[in-house]
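Here, each number is a calculation from the coordinates, and none is a lab measurement. As the structure is a prediction and not an experimental result, all values here were calculated from the model. Glycine gets a Cβ as well: all are built from the backbone with ideal geometry, and neighbour counts include every protein chain shown.
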Amino acid sequence: MTRAIRFEHTSILPVPVGRLWQFHMRPDALALLTPPFPPVRQVDRGDGVADGSLVRLRLGFGPLGYDWTALHTGVRPNRSFTDVALQSPFPCWVHLHSFDELTRATSRLTDVIVVVPPRWLPGRIGRALLRFALRRLFVWRHARTRALLLGRPRRPGVRCRRLAPVPTR
């Protein structure tokens, strides 16, 4: 029997929780928070982050790629939302995005993933590889979030412009 892996990554950011939430509500947020490899193409972003909205992605290269469809659910403005994979290489993938106000100017971003590894991923080694990949992905995503919100590059010599807030309707 395959057991689920629970992965959690948390960062403290010197921005108000509302600003962090608005950043994640941007239509281009997924593109901004997707590392360059493996290639990810957003086929349909649905209605954005809204209960019942579907996001369709294509990951990988040509015939070696795969489709990923996620359902947004449990949207609580300035608090959290969840993606549930309906189609992916994983038998189960649930991703909770959580936003907590620590002070008026500081917030906590927490990503919690519950995933069941695919059968072709071998035992303990496969689970360790999956945990390693998730850690690398979310360290990168949280650093990218920080850099884009604060306009500060992670490394000297790397340009990063500060993003303007997205206008609300």
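What to note about this one:
- Meets criteria (more than 19 Å from Trp140 (Cα to Cα) and of a type in the set (Phe, Trp, Tyr)) for Trp21: no
- Within segment 85-115, the set of residues being surrounded by 14 or more Cβ atoms within 10 Å (Cβ to Cβ), among the β-branched types (Val, Ile, Thr) and out of contact with any Asp or Glu (no Cβ under 8 Å at 6 or more places or on another chain) comprises Thr106, Val114, Val115.
- All of Thr82, Thr73 fail the test of being hydroxyl-bearing (Ser, Thr, Tyr), part of a strand (DSSP E or B) and surrounded by 17 or more Cβ atoms within 10 Å (Cβ to Cβ), apart from Thr82.
- Here Arg124 passes the criteria (1) farther than 22 Å from Ser11 by Cα; (2) surrounded by 12 or more Cβ atoms within 10 Å (Cβ to Cβ) except the one numbered (2).
- If only residues of segment 92-126 that are of a type in the set (Gly, Ala, Ser) and assigned to a strand (DSSP E or B) are counted, the one that is farthest from Arg19 (Cα to Cα) is Ser98.
- Within segment 23-68, restricting attention to residues that are among the β-branched types (Val, Ile, Thr) and under 14 Å from the mean Cα position of the chain (by Cα), the residue that is farthest from Leu150 (Cα to Cα) is Val55.
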